[in-house]
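Novice: Okay, here's the structure, questions in a sec.
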Amino acid sequence: MNQEKLFEIASQFAIEGEIAEINALGEGFINDTFVVTTAGAAPNYILQRKNHIVFPDVPGMMDNIKAVTEHIKAKVSDPMRETLTIIPAKDGKLYVQDGENFWAVCLFIPDTASYDRADSPALAYQGGVGIGRFQALLADFDKPLNETIKGFHNIRWRFQQWDETIAADPAGRVKDLQEEISWVESRREEMLTFWSKVETGEIPTHVTHNDTKISNILFDKPTGKVLCAIDLDTVMSSTSLNDFGDAIRSYTNTGAEDDKCLDNVEMSIEMFRAYAEGYLSEQRATMSASELEWLAFSGRYITFEQVLRFLMDYIDGDKYYKIAYADHNLVRTRAQYKLLQSMERQYDEMCAIVKELSK
Ligand code: ADP
Ligand code: GN1
Ligand code: MG
């Protein structure tokens, strides 16, 4: 992206100091992220181009993020580090619209580390503490939140999109994907059964993050402890099980999300235990019996949903996720499916661990 344009956008925000340079950062699949470095002692910032195809109501999304971060700030001991700080535009709005795109800025939190993969149980434990604490801090948040992406983790809605995409077959790929499609179809009923428990209220809803992969957590460099959850674009009301399940999908994978070598991909039960231990250390006391009963299943649920979403995007002609090569979404589908099978094989053990840790 053109530097001049980035400088022009960044200078419309109420940032301190003089902008020295702006550099691309991060590997997110949805937004484009840049670090704005300022001269001298002024803070640095994160500038993001928000994907308005994925997020149709960016102003509503920024309102959510502002409300949630203000709520957290009022409760924590270090409000500038333990959550994001949204920097408004000079006109007071929480975003800048350049005619084509929406942009937003937050403070860059220094002395932090983020990871693409959990390389130790200690890190997975900290990640679990981070999301457990995030949910606990927001347990008494009582303002309505905008639904930034319709039916984000609602598998009934995902199946509706899925059926429409397969019927339309816009890229002509369905005929070559019968095996992969059967992976999704054969699990339709069990996934809808889980979701119906959320629909009836048997599993309660709370304010949740909804995108808890490891790269969306910042860790404090000096102590190695978890600092905060970032990437708050999808904060909405949902079941807290989705946050647990999405994290399990991410932290326990012994391979990469898009590993071409499926032998690399398994669910590490050691990482599962460590993450669950950290999460339950914050959440155990407030969880309902139904949440505990379905906690282990949530890993399978979100991993299944990700198989469906990657495959659906491939069938749709790669419109949602950024791809680095032609069949990237198919490679992602196969790797996630391998992970799902690994979870299914180890499911009894996952349930036993949850039972042991919930006592
Ligand atoms: P995306 O939506 O593209 O995933 P994120 O908001 O997750 O973007 O940011 C991408 C990466 O940028 C994060 O994984 C993290 O390493 C870094 N990052 C984001 N926000 C901050 C921040 N406020 N302070 C420090 N690093 C950050
Ligand atoms: C996307 O934005 P990012 O890269 O943190 C996606 C998640 C997927 C994830 C798969 C808004 O997350 O739902 O699980 O990719 N975010 C959105 O890696 O769709
Ligand atoms: Mg992210």
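Novice: Compute the acute angle (0 to 90°) between the alpha-carbon long axis of helix 347-357 and the principal axis of greatest extent of the alpha-carbon atoms of the chain; round to the nearest 10°.
Specialist: 60
Novice: With viscosity set to 1.002 mPa s and temperature to 20 °C, compute the Stokes-Einstein D of region 1-85, Rh being the Kirkwood radius across alpha carbon pairs; µm²/s, no decimals.
Specialist: Values: Rh = 14.5 Å.
Value of D from the Cα-based Kirkwood radius: 148 µm²/s.
Novice: To the nearest whole percent, what portion of all C-alpha pairs in region 126-216 is separated by more than 22 angstrom?
Specialist: Of all Cα-Cα distances in region 126-216, 48 percent exceed 22 Å.
Novice: With just the Cα atoms of the chain, tell me how far they stretch along each of the three principal axes, in Å, largest first.
Specialist: 56, 52, 38
Novice: Can you give the extra length, in nm with one decimal, that the chain gains between residue 25 and residue 122 once fully stretched, where that is 0.36 nm per residue apart less the Cα-Cα distance?
Specialist: 32.3 nm
Novice: Under 5 Å between amide H atoms, partner at least 5 residues away or on a different chain: which partners does residue 50 have, H built in plane at 1.01 Å?
Specialist: Long-range HN contacts for residue 50: 102, 103, 104.
Novice: What are the ³J(HN,Hα) couplings of region 283-289, residue after residue, when phi is run through the Karplus curve with 6.51, -1.76, 1.60 and θ = phi - 60°? Round to Hz, x for glycine and proline.
Specialist: 10, 3, 5, 10, 7, 7, 4
Novice: Per residue, how many Å² of accessible area does region 170-303 show with a 1.4 Å probe?
Specialist: In whole numbers, region 170-303 has 37 Å² accessible per residue.
Novice: Over region 103-206, with every protein chain in place, what whole percent of the accessible area is carbon and sulfur at 1.4 Å, could you tell me?
Specialist: On the way: 2510 of 5130 Å².
C and S fraction of accessible area: 49 percent.
Novice: Something else about it: Grab the eigenvalues of the alpha-carbon gyration tensor for region 211-359, scale each by 5, take roots, and send me the semi-axes largest first in whole angstrom.
Specialist: Working from the Cα gyration tensor, I get semi-axes of 26, 18, 15 Å.
Novice: Wrap a convex hull around the Cα atoms of region 42-187, take a quarter of its surface area, and give that in square nanometres.
Specialist: On the way: hull surface 53.9 nm².
The orientation-averaged projected area of the Cα hull of region 42-187 comes to 13.5 nm².
Novice: Skipping prolines and chain starts, which residues have an amide H placed within reach, meaning under 5 Å, of the one on residue 25, given they are 5 or more residues away or on another chain?
Specialist: 33, 34, 35
Novice: For region 125-233, what is the relative contact order in percent, using Cα pairs closer than 8 Å and at least 6 residues apart in sequence?
Specialist: 40
Novice: Output the relative contact order of region 236-337, whole-number percent, from Cα pairs under 8 angstrom with separation of 6+ residues.
Specialist: Across region 236-337, relative contact order equals 36 percent.
Novice: Normalised radius of gyration for region 32-72, please: alpha carbon Rg relative to 2.2 N^0.38 Å, two decimal places.
Specialist: 1.47
Novice: Pull up all non-local amide H partners of residue 87: gap of 5 or more, or a different chain, and H-to-H distance under 5 Å with H placed in the peptide plane.
Specialist: 105, 106, 107
Novice: Here's a follow-up. Taking K and R as +1 and D and E as -1, what net charge do the other residues with C-beta under 10 Å from the C-beta of residue 39 add up to?
Specialist: -2
Novice: In whole Hz and in residue order, list the ³J(HN,Hα) couplings for region 312-326 that follow from phi through the Karplus curve 6.51 cos²θ - 1.76 cosθ + 1.60, θ = phi - 60°; x for Gly and Pro.
Specialist: Values, residue by residue: 4, 5, 5, 4, 6, x, 6, 9, 9, 7, 5, 10, 9, 7, 4 Hz.
Novice: Any idea of the accessible area per residue across region 1-78, 1.4 Å probe, to the nearest Å²?
Specialist: Accessible area per residue: 49 Å².
Novice: Find the relative contact order for the chain and round it to a whole percent, using C-alpha pairs within less than 8 Å whose residues are 6+ positions apart. Before the final figure, lay out each step's value.
Specialist: Working: 606 pairs, mean separation 64.1, N = 359.
Result for the chain is 18 percent.
Novice: Given region 276-355 reduced to its alpha-carbon atoms as identical point scatterers, what log10 I(q)/I(0) does the Debye formula return at q = 0.20, 0.24, 0.25 Å⁻¹?
Specialist: -0.85, -1.02, -1.07
Novice: So how tilted is helix 188-199 from the main axis of the chain? Cα-based, degrees 0 to 90, rounded to 10.
Specialist: Helix 188-199 and the main axis of the chain meet at about 60 degrees.
Novice: Greater than 25 Å separation of Cα atoms is the criterion. Which listed pairs, 5/143; 143/221; 175/319; 66/359, meet it?
Specialist: On the way: 5/143 36 Å; 143/221 33 Å; 175/319 19 Å; 66/359 36 Å.
Over 25 Å apart, Cα to Cα: 5/143; 143/221; 66/359.
Novice: Using the alpha-carbon atoms, what tilt in degrees (0 to 90, nearest 10) does helix 155-168 show relative to the longest principal axis of the chain?
Specialist: That helix lies at roughly 90 degrees to the long axis.
Novice: May I ask you to list the aspartates and glutamates whose Cα is less than 16 Å away from that of residue 75, ignoring any residue fewer than eight positions away on the same chain?
Specialist: Reachable aspartates and glutamates: 140, 142, 282.
Novice: Per residue of region 332-339, in order, report the coupling 6.51 cos²θ - 1.76 cosθ + 1.60 (Karplus, θ = phi - 60°) as ³J(HN,Hα) in whole Hz, putting x for Gly and Pro.
Specialist: So the J values, rounded to whole Hz, are 4, 4, 5, 5, 5, 5, 4, 5.
Novice: Then there's this: Test of understanding: express the Cα radius of gyration of region 165-269 as a ratio to 2.2 N^0.38 Å, with N the residue count. Display every interim value, and only then the final one.
Specialist: Values: Rg = 17.6 Å, N = 105, 2.2 N^0.38 = 12.9 Å.
Expressed relative to 2.2 N^0.38 Å, the Cα Rg reads 1.37.
Novice: Can you order the peptides 12-22, 78-88 by their average number of other Cβ atoms within 10 Å per residue, highest first?
Specialist: Highest-to-lowest ranking by the protection proxy: 78-88, 12-22.
Novice: If the convex hull of the alpha-carbon atoms of region 320-359 is projected onto planes in all directions, what is the mean projected area in square nanometres?
Specialist: Answer in nm², one decimal: 4.1.
Novice: Right, another one. Per the helix-only calculation at 222 nm, which mean residue ellipticity applies to the chain, given -39500 (n - 2.57) for every DSSP H run of n ≥ 4 and division by its residues, nearest 500 deg cm²/dmol? Present the calculation step by step, with values, prior to reporting the outcome.
Specialist: Details: 11 runs with 158 residues, N = 359.
Using -39500 (n - 2.57) per qualifying helix, the result is -14500 deg cm²/dmol.
The values are calculated or read from the model by the stated rules, or taken from the named source; none is laboratory data. Keep in mind the model is a prediction, meaning the values are calculated, not measured. Glycine also receives a Cβ, built like all others from the backbone with ideal geometry; neighbour counts cover every protein chain displayed. When the accessible area is computed, the model is the full protein with side chains, heavy atoms only, and any ligands, DNA or RNA have been set aside. Shrake-Rupley method; radii C 1.70, N 1.55, O 1.52, S 1.80 Å.
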